[in-house]
Every structure is written in structure tokens, then in C-alpha cells.
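Asks: Would you mind keeping the following structure in view while I ask a few things?
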Amino acid sequence: MTLVASEVDDARLQGLGMYVALRGMSDAGHTHSQVANELFGRLDSELFATFDADELVAYTSQRPRVTFLGDHFAGYQTPRLEIYLMTDELDRKFWLLTGVEPDLKWDRLIAELLGFIEAFNIDLVVSTASLPMPVPHTRPVGVTAHGNRKDLIENISTWSPTVESPAGLTSLMEIRLNDAGRDVVGYSLHTPHYLAESEYPAVAVAALEHVGAALKLALPTDNLREAGRLIDTQLAEQLESSTDVRQMVDGFEQRFDAHAHEHERRSLLLDEGEDMPDAEELGTRVEDFLANIEDTQDWLNNSENGPFPGESEQ
């Protein structure tokens, strides 16, 4: 790790929280690129530490992007793994670990991160992931909450399985942090599998909601909410024109609703004893909580959605 700014002894940087948002295998709906665009586009940031991605990334596994301009290559996008000092919309600071998920040297990297966490006495580490699931886009984004802070995970999950799955850096980091006696939680969000390869703003909004509530931060989501409304309109048009897709979504809705009625769930945005509001009311509460937020921004470089899986181009 290379510290860009060495202010380890600055008392103002002690005891902050850290958000871990890495692009990797668990990034259905392109969640973390949307989160990064929103955070860096709306909040003040200061690059604080960098890691040597050339030592950590297997390029044949996650190939960097490059631009071809008619007769030559240009614009090589160097993989990055960095820690930023961020300032939220209410002038509260937090750490952000962002970039690509490393392929190599996980234990060595986590040891360095543990050293950073100890040096700055980071009080809580929060991570997000996004998983493709057989769930409908017409229902609130589901989540599986995990970690060692019971107050931040109990009765939050919409699905709490016992499974064996491929590990990620954040899952190993959660284990190591727990072993070291540090507070850590994660929120694995459920993205409709038929939207996993597209930018899906609703899951990015959910990620920022959970992180903001856990770390007590005011994080911007209004651009993502507006993008989500545009996508909802486009999806509704596609459902209207395809009986097969409508039947698929209907089936997902029935299973989702049956499961939801069996499990009571609370929100970190609600005080104890409050009832869960509907989606419209919850959106209003979050926007009020985040305060001083302005509108704009397109949701995709290409505003045209492709067909659903199994549906041919017209």
C-alpha cells in the first residue's frame, strides 16, 4: 500500500467508518460502477492510499478496457484499487475502498487493510455485493445481511440461506475482521437475474441506503432514483408487449410475495416500533434523510434496453 497523504496521527481521521465497494464477480446490475459514479460525482473525495494493481490483478481473468480509434489503440484503462477519504452531504467523513476486486494475494492485501484499519481505528467496515436472483423488478430489492453487528443485520434479510459458494475478497475480509475483533457487516443485494447484465439503478440505490444507514451517512441517491424511474417505464413497456415475460415476472412476484408474508423484516431507516412504509413513502423518507439533493443525469450511455432473455429483437 502506498499512502498518498500521510496523516495517520490526525485525530479527525480516527474512528471513521469504511465502505468497501469493489467491482468483481458479485456485481450484478453493475451496482458498484453506478455507486462509484454517484459518490464521486456528488461528494468531495481525496485519494489517500493506492495498491499496486499490477501485483493483484490477473489480466486474463478481468481484462482491462482499451479504446480503438480507427487505426490505433488508445485510452488504456489501468486497473485501480484505492482508498479515498470521502465527505458526505452533511460534511461527515468516511473511508471508501474502491476499484477492482483483486484476483491474487488476498491474504497479503487483507493484512495491509487490517493494518490501515487498526492505524485509523476504523469503527465499522461495511461492504455491498449484488447477486443475480430469480426475483421480480416490481418488488423492493431484497438483501441478505451478514456480519458481527447484530443490531445492523437482525431481521434485515429477505433470504438467509445456508450454502457453500465461491469466495470473494469481501467475504474473506469479513472473516478476518471478525477474527481480529473488528466490527464488520455486509449487504448482499438481490438483482433480478434478467437484468444482471444491464445497469440496474434500483440495486445501487439499495446499496447506498444500507451503507448510509449502517454508517450514519447522508449518501446521494436522487440521480439513481430518477434513472430507476426511467427504467421502470421501459420495463413496463416491454412487459406489456411480451406475454412470456409477463408470465415469468408474475411467477417471480407470487414466490416473492409468499416468502415475504412468512418473514417479518425491519429497516435500518425506521425507528423501533414504526411500520414499514410502502415503496413511495420509503423513497420520500430516504430523500428527506439525505437532504439537499438535486435532480439530473441519464441512466445509461445507451438509453435503449435490449430484449429480455429469450425474447428476440423486433
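Each value in this text was obtained by applying a stated rule to the coordinates, not by laboratory testing. Bear in mind the structure is a predicted one, so any value in this text is a computation, not a measurement. Neighbour counts are summed over all protein chains in view; Cβ atoms, including those assigned to glycine, are modelled from backbone coordinates with ideal geometry.
Asks: If the viscosity is 0.890 mPa s and the temperature 25 °C, what translational diffusion coefficient in µm²/s does Stokes-Einstein give for segment 1-67 when Rh comes from Kirkwood over Cα pairs?
Replies: My calculation gives 165 µm²/s for D.
Asks: Give the dimensionless ratio obtained when the Cα radius of gyration of segment 1-133 is divided by 2.2 N^0.38 Å. Mind showing how you got there, number by number?
Replies: Values: Rg = 15.9 Å, N = 133, 2.2 N^0.38 = 14.1 Å.
Normalised Rg, Cα atoms only: 1.13.
Asks: Give the shape of segment 90-166 as rounded, prolate or oblate, defined through the alpha-carbon gyration tensor: a ≥ b ≥ c are the square roots of its eigenvalues, a/c under 1.5 means rounded, and otherwise the shape is prolate if a/b is larger than b/c and oblate if not.
Replies: Numbers: a/c = 1.91, a/b = 1.48, b/c = 1.29.
In terms of gyration-tensor shape, prolate.
Asks: Let me spell out the model: positive unit charges on the Cβ of Lys and Arg, negative unit charges on the Cβ of Asp and Glu, origin at the Cα centre of segment 9-63. What dipole size does that give, in debye rounded to 20?
Replies: On the way: 4 positive and 9 negative charges, 62 e Å.
The calculation lands at about 300 debye.
Asks: Let me spell out the model: positive unit charges on the Cβ of Lys and Arg, negative unit charges on the Cβ of Asp and Glu, origin at the Cα centre of segment 1-105. What dipole size does that give, in debye rounded to 20?
Replies: On the way: 9 positive and 17 negative charges, 59 e Å.
Rounded to the nearest 20 debye, it is 280 debye.
Asks: Next question. If you add up the charges near Asp183, with Lys and Arg at +1 and Asp and Glu at -1, over every other residue whose beta carbon is less than 11 angstrom from its beta carbon, what do you get?
Replies: Working: positive: Arg149, Lys150, Arg182; negative: Asp123, Asp151, Glu174.
Net charge around Asp183: 0.
Asks: Viscosity 0.692 mPa s, temperature 37 °C: what is the translational diffusion coefficient of segment 159-246 from Stokes-Einstein with a Kirkwood Rh over Cα pairs, rounded to a whole number of µm²/s?
Replies: Working: Rh = 15.9 Å.
D, rounded to a whole number, is 207 µm²/s.
Asks: Please give me, ordered by residue number, the chymotrypsin sites (Phe, Trp or Tyr not before Pro) of segment 135-202 that lie in loop per DSSP and have at most 16 other Cβ atoms within 10 Å. Could you put the intermediate results ahead of the total?
Replies: On the way: sites: Trp159, Tyr187, Tyr194; in loops: Trp159.
The qualifying sites are Trp159.
Asks: To make sure I understand the rule: partners must be lysines, Cα under 26 Å from the Cα of Lys150, and not fewer than 8 residues away in the same chain. Which ones qualify?
Replies: Leaving aside lysines fewer than 8 places away in the same chain, those within reach of Lys150 are Lys93, Lys216.
Asks: At most 15 other Cβ atoms within 10 Å and a DSSP loop assignment: could you name the GluC sites (Glu not before Pro) in segment 174-214 that fit?
Replies: Details: sites: Glu174, Glu197, Glu199, Glu209; in loops: Glu197, Glu199.
Loop-located and lightly packed - Glu197.
Asks: If each Cα of segment 110-222 is one equal point scatterer, what is log10 of I(q)/I(0) from the Debye formula at q = 0.12, 0.22 Å⁻¹?
Replies: -0.45, -1.32
Asks: Something else about it: Residue farthest toward the positive end of the dipole of segment 1-66, with Cβ of Lys/Arg at +1 and Asp/Glu at -1: which of Ala36, Val4, Gln14?
Replies: Ala36
Asks: Tell me, what ³J(HN,Hα) does each residue in segment 184-189 have, in order and in whole Hz, if you take phi through Karplus 6.51 cos²θ - 1.76 cosθ + 1.60 with θ = phi - 60° and put x for Gly and Pro?
Replies: 8, 9, x, 10, 9, 8
Asks: On to the next question. Under a point spin-label approximation (7 Å from Cα along Cα-to-Cβ), what is the Leu90-Ser33 distance to one decimal in nm?
Replies: In this crude label model, Leu90 to Ser33 measures out at 3.2 nm.
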